[in-house]
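For reference, the structure is listed below as structure tokens.
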Amino acid sequence: MNQEIERRRTFAIIAHPDAGKTSLTEKLLLFGGQIQVAGAVKSNKIKKTATSDWMDIEKQRGISVTTSVMEFDYNDYKVNILDTPGHQDFAEDTYRTLTAVDSVIIVVDGAKGVETQTRKLMEVCRMRNTPVIIFVNKMDREAKDPFDLLDELEEELVIQVRPLTWPIESGPRFRGVYNIYEQKLNLFQPSKQVVTEKVEVDINTEELDNHIGHDLAEKLRGELELIDGVYPEFNVEEYLKGDVAPVFFGSALNNFGVQELLDCFVEIAPSPRPVTAVERTVNPDEPKFTGFIFKITANIDPNHRSCVAFCKVCSGKFTRNTPYLHVRHNKTMRFSSPTQFMAQRKTTVDEAWAGDIIGLPDNGTFKIGDTLTEGENLHFKGLPSFSPEMFKYIENADPMKTKQLNKGIDQLMDEGVAQLFVNQFNGRKIIGTVGQLQFEVIQYRLENEYNAKCRWEPVSLYKACWIESDDPAELEAFKKRKYQYMAKDRDGRDVFLADSGYVLQMAQMDFKHIKFHFTSEF
């Protein structure tokens, strides 16, 4: 494989919002040299230009509402981090992000253990056989017994685990971690200012007793012996197949255990993997460029109102100003200013290799799932929109700003923030989302980014499903009978808006030749 491709590492960080994911992301960026502070980690004093949460609403709420893309060099590796929203209302953005990464780091709170959102995202990783590393965070606070945590991880995430670092106590008694992978001891100093030093120590000698005391040393030796007896030797191949998840312990806020995670990660994580298209499987070391759009973001730079389409390079080498085929439009495009990102900061790049994520300027040309190639007709799959579960009519609250509102709705829907349906019965626009918080984000962004005001009106609906049929007469009969509940999505496809589970069930029984789809990819 090409050396440039071999050194790429592209991964997503997923977690429940309370697990401390943002702290971990910032510390990883710090080790990548993106936050320059000589010999120290003064995260509380740094002007946070490098943080992943760049929207005002994210800073106000303290949550991520969109996936941030960041890249940096670490040792000989080029690392791409996709920091996903942890809140379940934005799960769809995270699902799509998981199609663009080769591996995943799951952050788990040492006290709370595995939470519902993490379980759901793990299912997506399992479906795609994505390799997973688990980071158990907040060990400087009172945490569950580490063996109980490992059992919970195995049971809840349905994956075998193998600890590669091991904590010495937790909470106020937390003394550090023993790095099983490197056989080194890391002693904890509760300070955000200092990166902790590693100590090489033979755990079977008195040297360990000198560092952490006789009782803790004896306990650590016993636990390490138990680990070797219970858990099989770590096997990189099994990790790459998605069968085993290595586990690390630490405290991201205190910058402890993060470097061990990063060092091991760049060594064992997969370089770019083959990607499945409808027509064939695309290998990263193919000479010709292919890539797909997995995310669109408007207004990263509020001064320019620009739209950026994020493209995952699947094979070959992308070169600036080279003509590439936009498969859906069947037309050739050149990109004079492709960019790579550090959250909100961006730099123009001349080339990118398989595994990289690049930002392409978008003036409405792209949709999520679009493919770019050097001429081949390819369609990458696995980027569906899911059937929404919450619905509201969106109305213009300021008639003088109709144009701004329409533009704002169009751009936000292109981003995949939510889905827009136009009711065929009354022509009104309905927004469908996965969670309530998305309505607040849409309203906030329309007002702050597009200077447009909207108001929501309730509509009682149960589920949206896309319909199709090989029997045109039956489809027409269905649409006539359900005329009040028929809508079109932005691609002009027929959508049935069922107002209850019973109505949907009856429709499926009465119209045997109609297929009801709950994702947009069919």
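Place a point 7 Å from Cα of residue 215 in the direction of its Cβ. Which residues in segment 129-171 have their backbone N less than 19 Å from it?
142-143, 145-146, 167-171
Per the 1.4 Å probe, what fraction of the accessible area of segment 343-444, in percent, lies on carbon and sulfur atoms?
Accessible surface attributable to carbon and sulfur in segment 343-444 totals 50 percent.
Å³ per residue of the Cα convex hull, for segment 215-301?
192
I want to check the label-to-label distance for residue 348 and residue 321. Put each point 7 Å from Cα in the C-beta direction and report it in nm to one decimal.
Each label point is offset 7 Å from its Cα along the Cβ direction, giving 0.9 nm.
Please give the Cα centre distance for segment 400-432 versus segment 112-189, rounded to the nearest Å.
Their Cα centres are 42 Å away from one another.
Where only protein heavy atoms count, and the probe is 1.4 Å, what is the accessible area per residue for the chain in Å²?
With all protein chains present, the chain gives 42 Å² per residue.
Read phi for every residue in segment 206-223 and hand back ³J(HN,Hα) as whole Hz from Karplus 6.51 cos²θ - 1.76 cosθ + 1.60, θ = phi - 60°, with x for Gly and Pro.
Karplus values, whole Hz, x for Gly and Pro: 5, 4, 5, 4, 5, 7, 10, x, 4, 4, 5, 5, 5, 4, 4, 4, x, 5.
Could you rank the peptides 330-339, 159-168, 175-184 by their average count of other C-beta atoms within 10 Å per residue, with the highest value first?
With the highest mean Cβ count within 10 Å placed first, the list reads 159-168, 175-184, 330-339.
Just to confirm a number: summing +1 for Lys and Arg and -1 for Asp and Glu over residues other than residue 231 whose beta-carbon lies under 11 angstrom from that of residue 231, what do you get?
Once positives and negatives cancel, what remains is -2.
If you rank 211, 379 by how much accessible surface each has, with a 1.4 Å probe, what is the order from largest down?
Heavy-atom accessible area, descending, gives 379, 211.
Any idea how far apart residue 204 and residue 278 come out in nm if each label point goes 7 Å out from Cα toward Cβ?
Reported label-point gap for residue 204 and residue 278 is 6.1 nm.
Between residue 6 and residue 120, what length comes free when the chain is fully extended (0.36 nm per residue of separation minus the Cα-Cα distance, one decimal in nm)?
Extending this stretch completely gives an extra 38.0 nm.
Provide the net charge surrounding residue 8, with neighbours chosen by a C-beta distance below 10 Å and charges set as Lys +1, Arg +1, Asp -1, Glu -1.
The answer is -2.
Mind ranking 97-106, 455-464, 114-123 by how tightly packed they are, going by the mean number of other C-beta atoms within 10 angstrom, highest first?
So the order, starting with the most tightly packed, is 97-106, 114-123, 455-464.
Given R₀ = 51 Å, FRET efficiency for residue 395-residue 142 by Cβ-Cβ distance, to 0.05?
According to the calculation, E is roughly 0.55.
Read phi for every residue in segment 72-80 and hand back ³J(HN,Hα) as whole Hz from Karplus 6.51 cos²θ - 1.76 cosθ + 1.60, θ = phi - 60°, with x for Gly and Pro.
Here the 3J(HN,Hα) series is 7, 9, 9, 6, 9, 10, 9, 10, 10 Hz.
Beta carbons within 10 angstrom, averaged per residue: use that to sort the peptides 403-409, 413-419, 471-477, highest first.
Put in order of decreasing packing, that is 413-419, 403-409, 471-477.
Just to be sure I understand the model, the point goes 7 Å from the Cα along the line to the Cβ. What's the resulting residue 233 to residue 329 distance in nm?
Rounded to a tenth, the inter-label distance reads 5.5 nm.
The values are calculated or read from the model by the stated rules, or taken from the named source; none is laboratory data. Keep in mind the model is a prediction, meaning the values are calculated, not measured. Cβ coordinates were reconstructed from backbone atoms using ideal geometry, including for glycine residues, and neighbour counts include every protein chain displayed. Ligands, DNA and RNA are excluded from the accessible area calculation, which covers all protein heavy atoms including side chains. Shrake-Rupley method; radii C 1.70, N 1.55, O 1.52, S 1.80 Å.
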